[in-house]
Amino acid sequence: VERLVIVGGDAAGMSAATVARRKRDDLEIIALERGHHTSYSACGIPYWIGGEVSSAEDLVARTPAEFRDKHRIDVRLESEVVGVDPAGCTVIVAGPSGSYELRYDHLMLGTGAVPVVPDLPGVDASGVYGVQTLDDGEAVRAALSSAPSRAVVVGGGYIGLEMAEALVRRGLSVTLLEAAPEVMSTVDPDVGAQVRAAMGGMGIDVRIGEGLRGIESDASGRVRRVVSEGGSYDTDLVVLGLGVRPNTRLAVEAGISTGVKHAISTNRRMRTLSHENIWAGGDCAESFHRVLQRPAHIALGTHANRHGKVAGANLAGGYDTFEGVIGTALTRICDLEIARTGLSSREATEAGFCYEAVTTESTTRAGYLPDAGRITVKLLAERGTGRLLGGQIVGHQGSAKRIDVLATAIWTDLSVMELAEVDLSYAPPFGPVWDPVSIAARRTAAALLS
Ligand SMILES: Cc1cc2nc3c(=O)[nH]c(=O)nc-3n(C[C@H](O)[C@H](O)[C@H](O)COP(=O)(O)OP(=O)(O)OC[C@H]3O[C@@H](n4cnc5c(N)ncnc54)[C@H](O)[C@@H]3O)c2cc1C
């Protein structure tokens with residue numbers, strides 16, 4: 001029988017597995033996962049650590065038993081693929097009871113990403129955690145059971161910020177170190193500044209412009225202090241939130257084509273550019289960026305699930321394409337919702353666009369309702385064409401999901417003049433009569449003409 005081997009049992013890998021099964025009943029499907037869980041929501045880890053989600057099981061969408069019983073997919077946990085031989089069409093698996101070789105007809109790489117660990121003294125001390133898999137989340141939860149009182153989070157990207165908030169919710173006093181002049185480099189600094197203010201309001205000690213220098217530990221090898229460019233901070237645990245890099249060592253060693261940040265290069269059907277029967281998706285793979293018109297590496301669960309679905313359909317003989325990304329993402333930090341799509345000002349400038357950036361303040365509901373919150377919408381539009389290049393939203397409850405209107409506008413190449421005319425909804429509990437998105441589009445259009 002024809003065999004599909006999947007490496008990595010989370011979003012990309014298991015989406016590919018289930019879609020392939022739906023298309024082809026006769027395929028033998030084996031999924032190899034080095035950790036202890038499949039199909040889990042890494043995105044939910046901060047909410048589990050913060051106590052909003054009570055158990056790891058709640059974050060698991062499907063267990064190995066469900067895959068076996070409902071989909072006839074053979075999931076093997078604690079099974080790490082340590083080598084790929086594309087010429088012989090085999091992988092080497094280090095499993096719980098020893099190593100073995102497995103033949104494949106189709107191979108799907110969904111190995112994800114790994115947290116960036118800086119090459120600095122002490123980063124391997126016990127009590128230093130990266131957060132990427134459910135197993136990582138379990139390690140942080142276990143550390144919290146010994147009632148630590150202080151934590152340092154290194155890195156002010158969204159994962160670092162979500163983790164800082166989660167640790168504060170668990171009663172720790174938290175310092176967050178960010179080397180750049182502002183937190184959240186995926187949005188513009190004026191938007192990031194609002195996020196930093198909200199974190200300060202929640203008691204998080206945010207230190208910007210303070211890169212990590214090293215980590216000191218006690219005689220037993222346990223972390224005790226974090227040293228930054230600006231000071232030193234006693235701590236009981238450290239969480240690294242310095243971003244991720246594609247986990248592609250296996251692919252690189254096997255000679256599989258890679259590109260941006262060594263992420264695996266694929267075509268629109270998620271087939272690798274180098275091997276006919278090897279497919280890839282998720283955080284280990286590149287995506288085509290529709291605004292930049294070139295491959296990019298953006299690690300998001302939304303992309304991973306779509307990649308997996310497309311790869312699974314194609315490798316099972318169907319036809320599906322992945323139409324690219326525009327970097328749409330959102331999060332909630334303290335009482336603020338933050339969302340972005342398309343290009344930030346830095347990205348637009350680096351890409352050579354000539355653009356206008358306009359910030360508009362409005363309210364999330366009709367201003368006369370008691371719980372109307374503040375919302376800021378920042379739009380970037382190309383001079384000359386008026387094409388929407390990017391959008392950022394920060395504000396109180398009800399703000400962030402408006403980003404999907406902006407994402408749809410960028411996806412379909414709308415100009416801000418066109419966006420201003422779109423028939424958007426209105427009722428007092430949801431916004432003012434002119435939606436903040438409409439006002440922002442109209443003002444940006446006006447700025448382009450002035
Ligand atoms: C804390 C956190 C919050 C996030 N929040 C969001 C969010 O709100 N929205 C969003 O869109 N995205 C979010 N993400 C990103 C999202 O979780 C990832 O983009 C998504 O999980 C990627 O899926 P994947 O299948 O490519 O990789 P992963 O989920 O990383 O899974 C890869 C799997 O492969 C396994 N593996 C790796 N190498 C091998 C090997 N050699 N052999 C066997 N198994 C192997 C790993 O153990 C892992 O389980 C968040 C991520 C984190 C960590």
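Take the conditions under 30 Å from Tyr47 (Cα atoms) and within 16 Å of the ligand (Cβ to nearest atom) and apply them to Arg365. Does it pass? When the stated conditions are applied, Arg365 does not pass them. Scanning the stretch 125-147 for residues that are touching a helix residue (DSSP H, G or I) at 6+ places or on another chain (Cβ under 9 Å) and not in a strand (DSSP E or B) gives Gly127, Val131, Gln132, Thr133, Leu134, Asp136, Gly137, Glu138, Val140, Arg141, Leu144. The strands (runs of 3 or more DSSP E) falling completely within the stretch 278-320 include none with 2 or more residues that are more than 16 Å from the ligand (Cβ to nearest atom) and under 20 Å from Asp10 (Cα atoms). Scanning the stretch 328-376 for residues that are acidic (Asp, Glu) and touching a helix residue (DSSP H, G or I) at 6+ places or on another chain (Cβ under 7 Å) yields a total of 3.
Checked across the stretch 227-240, the condition of being under 22 Å from Gly301 (Cβ atoms), under 23 Å from the mean Cα position of the chain (by Cα) and not β-branched (Val, Ile, Thr) holds for at least one residue. Taken over the stretch 164-183, the residue count meeting the criterion of being surrounded by 24 or more Cβ atoms within 10 Å (Cβ to Cβ) and under 21 Å from Arg213 (Cα atoms) is 6.
For the stretch 217-237, a residue qualifies if it is out of contact with any Leu (no Cβ under 9 Å at 6 or more places or on another chain), buried (at least 16 other Cβ atoms within 10 Å of the Cβ) and assigned to a strand (DSSP E or B), and the qualifying residues are Ser217, Arg224, Arg225. Might you let me know whether the stretch 74-95 holds any residue that is free of Cβ contacts under 8 Å to residues at least 12 places away in the same chain, farther than 30 Å from Leu144 by Cβ and either buried (at least 18 other Cβ atoms within 10 Å of the Cβ) or in contact with a Ser or Thr (Cβ under 8 Å, 6 or more places away or on another chain) (or both)? Yes, that holds for at least one residue.
Condition check for Gln194 on (1) within 14 Å of the ligand (Cβ to nearest atom); (2) in a helix (DSSP H, G or I); (3) in contact with a Leu (Cβ under 8 Å, 6 or more places away or on another chain): one failure, at (1).
So is Val260 more than 11 Å from the ligand (Cβ to nearest atom), touching a Pro at 6+ places or on another chain (Cβ under 8 Å) and either at pLDDT 95 or above or closer than 17 Å to Val114 by Cβ (or both) or not? Against the criterion (more than 11 Å from the ligand (Cβ to nearest atom), touching a Pro at 6+ places or on another chain (Cβ under 8 Å) and either at pLDDT 95 or above or closer than 17 Å to Val114 by Cβ (or both)), Val260 qualifies.
Condition check: part of a loop (DSSP other than H, G, I, E, B) and surrounded by 17 or more Cβ atoms within 10 Å (Cβ to Cβ). Does Gly122 satisfy that? So Gly122 passes the test. When Gly171 is tested against (1) without any contact (Cβ under 8 Å) to a residue 24 or more places away in the chain; (2) within 16 Å of the chain's Cα centre (by Cα), only condition (2) is not met.
The criterion of at least 3 residues that are polar (S, T, N, Q) and in contact (Cβ under 8 Å) with a residue 12 or more places away in the chain is met, among strands (runs of 3 or more DSSP E) falling completely within the stretch 337-450, by 355-363. A single member of Val152, Val187 is touching a strand residue (DSSP E or B) at 6+ places or on another chain (Cβ under 9 Å), more than 16 Å from the ligand (Cβ to nearest atom) and either polar (S, T, N, Q) or not in a helix (DSSP H, G or I) (or both), and it is Val152. Of all the numbered requirements in (1) crowded, with 18+ Cβ neighbours inside 10 Å; (2) at pLDDT below 95, Val154 misses one, and that requirement is (2). The set of residues from the stretch 383-414 being crowded, with 19+ Cβ neighbours inside 10 Å and within 14 Å of Glu356 (Cα to Cα) comprises Gly386, Arg387, Leu388, Leu389, Gly390, Gly391, Gln392. Only residues that are over 17 Å from Gly390 (Cα atoms) and surrounded by fewer than 22 Cβ atoms within 10 Å (Cβ to Cβ) were counted in the stretch 431-445, giving 4.
The values are calculated or read from the model by the stated rules, or taken from the named source; none is laboratory data. Please read all numbers here as calculations on a predicted model, not as lab measurements. Cβ sites come from the backbone with ideal geometry, for glycine too, and all protein chains shown count toward neighbours.
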